[in-house]
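Just below is one structure, and these are the notes that go with it.
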């Protein structure tokens, strides 16, 4: 029996061990970790350039959750996340639920359950207006240790997104907190890809369990094999080499066929540094300081030619498997991005929108401005997502 056959048998056995009963509980434990007062949330709106949103209407209770989701290799894995629940005077009125997916993070501790700035954006934008918010730390981050985060792996992001929703709903039942049936999906950067992948996963396979009211993917790499890689190679931004290193390492961890040894991909000294930089202890700021800005000074020319410029290359093919724009959403979907974004290039959004529209997708898109980039455009995207969800929700009910 060869090594690949052994892996297939192991993964097949692990998949058979996963409980696929949609009514089974995947929530392991939960703990209330605090309450944000509406005055504090309104102050945060001004701090994060969201002051054009209405002042916060509710205080918000915060719960850390631990739950199960399948790893890329189909083994049940413990992950953590946060659920933010607006405190309503009328405890019988159900809240609409948003599943929010965060952007690129390399430090295992800088995650939503530790109330970092990314989830504060989401709580400020959404929970302040009456939405319950559930956000995963992701596989390989938070309390999920000894695993590399499967960065921009659409399947893992989608299964985690759905299991985050399930765990949040189970929490709501345990604490007698009513939620609406239809849910909303959004996320930024890698989280934008996660939101779109989760939407696709639900509409394709779980529409009997979950109804999506609307989704708003923001600034995401929906066309990994095309727009994203071309942008990385042709117009690299300061964070480009971090993104590339992360996804190359992640895909080799997931698929096992991107490279045999690090020196096949990375030039020295980065061949000896790459794995250590992504061990879950380093922040993106530190990693960007260590890696060169130009991919040509990081990656071997042969790897670029054979795997990134060549459509027959193994890495390129793996990227195409994770593209998530070749389908037609049924639920209303608004793509939101900044035209000035050169980190996750803006044509990811326009290409996804145009293709999905052409095949009958219920899609729109909005540009928050050429003057805004990937980091500076986040708050404006959040505001647009909130306004969009409010407009969808108001057709049926009032927050």
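Condition first: outside any helix (DSSP H, G or I) and under 18 Å from residue 47 (Cβ atoms). Now tell me which residues in the range 111-127 satisfy that.
Going through the range 111-127, the residues outside any helix (DSSP H, G or I) turn out to be 111, 115-116, 126.
Listed by number, the residues that qualify are 115, 116, 126.
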Considering each of 91, 73 in turn, give the residue that is closer than 22 Å to residue 144 by Cα and outside any strand (DSSP E or B).
73
Is there a residue being within 22 Å of residue 38 (Cβ to Cβ) and free of Cβ contacts under 8 Å to residues at least 12 places away in the same chain anywhere in the range 105-113?
no
Going residue by residue through the range 189-210, is there one that turns out to be under 12 Å from the mean Cα position of the chain (by Cα), at pLDDT 95 or above, assigned to a helix (DSSP H, G or I) and surrounded by fewer than 19 Cβ atoms within 10 Å (Cβ to Cβ)?
no
Of all residues in the range 214-227 being touching a helix residue (DSSP H, G or I) at 6+ places or on another chain (Cβ under 6 Å) and assigned to a helix (DSSP H, G or I), the one that is surrounded by the most Cβ atoms within 10 Å (Cβ to Cβ):
224
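Restricting the search to the range 268-299, which residues are assigned to a loop (DSSP other than H, G, I, E, B) and touching a helix residue (DSSP H, G or I) at 6+ places or on another chain (Cβ under 7 Å)? Don't jump to the end; show me each part of the working.
Taking the range 268-299 and keeping what is assigned to a loop (DSSP other than H, G, I, E, B), we get 268-269, 278-283, 291-294, 298.
Correct list: 278, 291, 292, 293, 298.
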Of the conditions (1) touching a strand residue (DSSP E or B) at 6+ places or on another chain (Cβ under 8 Å); (2) modelled with pLDDT of 95 or more; (3) within 18 Å of residue 164 (Cβ to Cβ), residue 105 clears all except one; give me its number.
(1)
Restricting to the range 305-340, give me the number of residues that are over 23 Å from residue 187 (Cα atoms) and crowded, with 20+ Cβ neighbours inside 10 Å.
3
Scan the range 341-371 residue by residue and report those that are part of a loop (DSSP other than H, G, I, E, B), surrounded by 17 or more Cβ atoms within 10 Å (Cβ to Cβ) and in contact with a strand residue (DSSP E or B) (Cβ under 9 Å, 6 or more places away or on another chain).
344, 346, 361, 368
Filter result (crowded, with 23+ Cβ neighbours inside 10 Å and assigned to a loop (DSSP other than H, G, I, E, B)) within the range 375-384:
377
Checking residue 192 against (1) under 17 Å from residue 351 (Cβ atoms); (2) in contact (Cβ under 8 Å) with a residue 60 or more places away in the chain; (3) out of contact with any strand residue (DSSP E or B) (no Cβ under 6 Å at 6 or more places or on another chain): exactly one of these is not met. Which one?
(3)
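Return a yes/no flag: does the range 61-71 have any residue that is surrounded by 13 or more Cβ atoms within 10 Å (Cβ to Cβ) and farther than 17 Å from residue 168 by Cβ.
Yes, the range 61-71 contains at least one residue that is surrounded by 13 or more Cβ atoms within 10 Å (Cβ to Cβ) and farther than 17 Å from residue 168 by Cβ.
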In the range 228-239, residue farthest from residue 157 (Cα to Cα) [restricted to those that are touching a helix residue (DSSP H, G or I) at 6+ places or on another chain (Cβ under 8 Å) and assigned to a helix (DSSP H, G or I)]:
233
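Has the range 235-243 got at least one residue that is exposed (fewer than 15 other Cβ atoms within 10 Å of the Cβ) and either under 25 Å from residue 342 (Cβ atoms) or outside the structural domain of residue 140 (by TED's automatic domain parsing) (or both)? Can you show your working first?
From the range 235-243, those exposed (fewer than 15 other Cβ atoms within 10 Å of the Cβ) are 235, 238; that's our starting set.
Cutting the leftovers down to either under 25 Å from residue 342 (Cβ atoms) or outside the structural domain of residue 140 (by TED's automatic domain parsing) (or both) gives us 235, 238.
Taking every residue of the range 235-243 in turn, at least one turns out to be exposed (fewer than 15 other Cβ atoms within 10 Å of the Cβ) and either under 25 Å from residue 342 (Cβ atoms) or outside the structural domain of residue 140 (by TED's automatic domain parsing) (or both).
The values are calculated or read from the model by the stated rules, or taken from the named source; none is laboratory data. Quantities reported herein were computed from a predicted structural model and do not represent experimental measurements. Cβ sites come from the backbone with ideal geometry, for glycine too, and all protein chains shown count toward neighbours.
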